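One structure is given below, encoded as structure tokens.
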Amino acid sequence: MKIFLKYLFLIALVIVFVGPFYWLVSIALRASGDIYSLRIIPENPTLMNFAETWQKFELWRPFVNSVMVAAAVLFLNILLSSLAAYPLARLKFPGRDLIFFLLLSTMMIPFQLYMIPLFLTCLKLGLMNSLAGIVLPTSVGVFGIYLIKQYYLTIPMDLEEAARIDGAGEFSIWWRIMFPLTKPAIATLSIFTFVGNWSNFLWPLIIIDREDKYTLPIAIAKLSGAFIDKTQYLAAGSVIAIAPVIIIYLFMQRYFISGISAGAVKG
Amino acid sequence: MRFSGSRLRQIFLAYLFLLPTLIILSVFLFYPMLRAFLLSLWDYSPLSPDNKFVGLDNFIRLSKDADFWRSLGNSFLYLIVVPIIIILSLALALLVEPKIPFVNFFRAAYYMPVVTMMVVVALVWKMIFDTDHGILNSLLSRMSLISENVPWLTSPKLALFTVMTVTIWKGLGYYMVIFIAGLRSIPHELLEAAMIDGCKSRQTLLHVKIPMLWPSITLVAIISSISALQVFEEIYMMTQGRLGTSTLVFYIYDLGVRGEQEMGYACAMGVALFCIIFIFTFFNVRLMGKAHKI
């Protein structure tokens, strides 16, 4: 009986956390005129709203932009964090501790403090209204460098030492030995970078004001400001916007959850 | 200091590995950070022809700016979410930490809002909270719990609190996972000893689990209060800062980016935000550390 009640409660909580998603999808499937009914399953569900949002409201454009930005950010983050973390974890050189300390201390500074000077810098570099303007400032992060560095530290030295004796250079040690061994850390970094970047809102909102360069969050936000009485389109657009992340989440769920525990260092 | 040839080579290589990252971070992180502090001492707007150094004038203006104080007050008010988040996410973690059938499914369901973009989350809840057509008011009135529609997002008294529930709803799964990791790290012997000594589950919770979870509680308090002080997207999407719901970050955006582009003044506000977060985190760590010792 106690177990039965517990499961009943757990299921009620599922409705609290997943219910709004269901509601969103059900609105997106409704034919016009049927928006405000409380029906849980829409009458005559239609996929028209998705097609209309995709083509007539050109949601494909921000979708393509978001995909391109995400791919570039992912690639650069993996490459640059793995490169930068290697000497910080393995090589001895003057300035190492200073650089690491400097990197970590910037984590304390909120983005909102420096977003305006960053905007001025990007303006000067001609990055306004370009996808590169979204990508470059997020192309490497201190969190990523830290994550990979911690992972390098868990790899035993013997492998490198053997390679060094065989005459391998630092670069080939990194590329042939260290980089392939950090796959789990890179998986975690990729997921966090992708999800964070896919949802990133404030920075693209500042650096982009041309419609053809919108990313999905910006496009959805602007749509929601633009028309009020076509809720189904807005809902369909929202479903399209979150679908990629939700699908990846459903397949790689355990990486998401173990990743946080890895990132949230205790104490 | 003298370096041998191979040593020099190693130093050179180390910096070569770091070079791309250092260049990018210098241009897009270090320099803007420094410049934010400098700009806060300037009357600076890209729209204005004469930008000049004004010393601490921006900060004096801040102290007299009623909108700033209202936004700051709202940002502090927003910190109410912190204790609520700690209690609810800990409760969730206690529910789904034990290995019971289907537990992974429940965890995954509660975590789903975390991976969803805030823009969409805010939009869904805006539909749900809609005064005239929202499903929440329809359900409540059908159950005869309310006699007239509640203006969730259209009344100055309620709007900010309604937005807070969305922040809480989206974040709980994340903090739940931190607590699950914390619960996992409690040594088994300790829990077994408590059981042998005849502790009821409530006693175990209060006297064993919660004290052992203190590092996780501190971590959740720090992360959730930093993000509460930085709240922006929910406000942007759900109220546009109207009805007295502007927060500090929304005000910075509104003044520095959108409207007048008073960037020097907005940077001064950014500096204020930074100081507040810094002081707050510092005291969070200190207070939590002390409470732990008692």
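Assorted remarks:
- Protection proxy ranking for B:240-249, A:183-192, B:263-272, using the average of other Cβ atoms within 10 Å per residue and placing the highest first: B:263-272, B:240-249, A:183-192.
- The amide H of B:Glu260, built 1.01 Å from its N in the peptide plane, has no neighbour under 5 Å, considering only residues 5 or more places off or on other chains.
- DSSP H segments from chain A that extend 18 Å or more along their own axis, Cα-based, with Kyte-Doolittle mean of 1.6 or above: A:2-28, A:231-251
- Tally of Lys pairs whose C-alpha atoms are under 22 Å apart, taken over chain A, 8 or more apart or cross-chain: 9
- Computed FRET value (nearest 0.05) for B:Arg258 with A:Met68, which takes r as the C-beta separation and R₀ as 25 Å: 0.45
- Taking label positions 7 Å along the Cα-Cβ direction at both B:Ile23 and A:Ile247, the computed distance is 3.6 nm, reported to one decimal.
- The H on the amide N of B:Trp42, modeled in the peptide plane, is under 5 Å from the matching H of B:Val54, each at least 5 residues off or on a different chain.
- Scattering profile of segment B:60-293 at q = 0.07, 0.17 Å⁻¹ [log10 I(q)/I(0), Debye over alpha-carbon scatterers]: -0.30, -1.24
- In the elastic network of chain B, a GNM with C-alpha springs shorter than 10 Å, the most mobile of B:Met118, B:Met195, B:Met238 is B:Met195.
- If R0 is taken as 25 Å, the Cβ-Cβ distance between B:Val103 and B:Lys200 corresponds to a FRET efficiency of 0.65.
- Value at 222 nm in deg cm²/dmol, rounded to 500, when DSSP H runs of n ≥ 4 in the protein assembly as shown each add -39,500 (n - 2.57): -21500 deg cm²/dmol
- Cα→Cβ-extended label distance, 7 Å offset, between B:Ser147 and A:Val18, nm: 3.9 nm
- Note on chain B: lysine pairs with Cα distance below 27 Å, sequence gap of 8 or more or different chains, count 13.
- Whole-Hz ³J(HN,Hα) from phi, Karplus 6.51 cos²θ - 1.76 cosθ + 1.60, for segment B:202-212, glycine and proline x: 5, 5, 4, 4, 6, 9, 10, 5, 4, x, 6
- Summing charges over neighbours of A:Glu161, with a neighbour being any other residue whose Cβ is under 13 Å away from its Cβ, gives -2 when K and R count +1 and D and E count -1.
- Overall dimensions of segment B:1-67 by Cα: Rg and Dmax, Å: 21.0, 64
- Distance between segment A:74-142 and segment B:112-139 - C-alpha centres, whole angstrom: 35 Å
- Annotation: chain A has a Kirkwood hydrodynamic radius of 21.8 angstrom, from the mean reciprocal C-alpha pair distance.
- In summary, the convex hull built on the alpha carbon positions of the protein assembly as shown has an orientation-averaged projected area of 32.1 nm².
- Cα point-scatterer Debye curve for segment A:93-245, base-10 log of I(q)/I(0) at q = 0.09, 0.14, 0.21 Å⁻¹: -0.46, -0.91, -1.33
Bear in mind that the values in this text are calculations on the coordinates, not laboratory data. Just so you know, these numbers come straight off a predicted model, no measurement behind them. In this analysis, Cβ positions are derived from the backbone assuming ideal geometry, glycine residues included, and neighbour counts consider all displayed protein chains.
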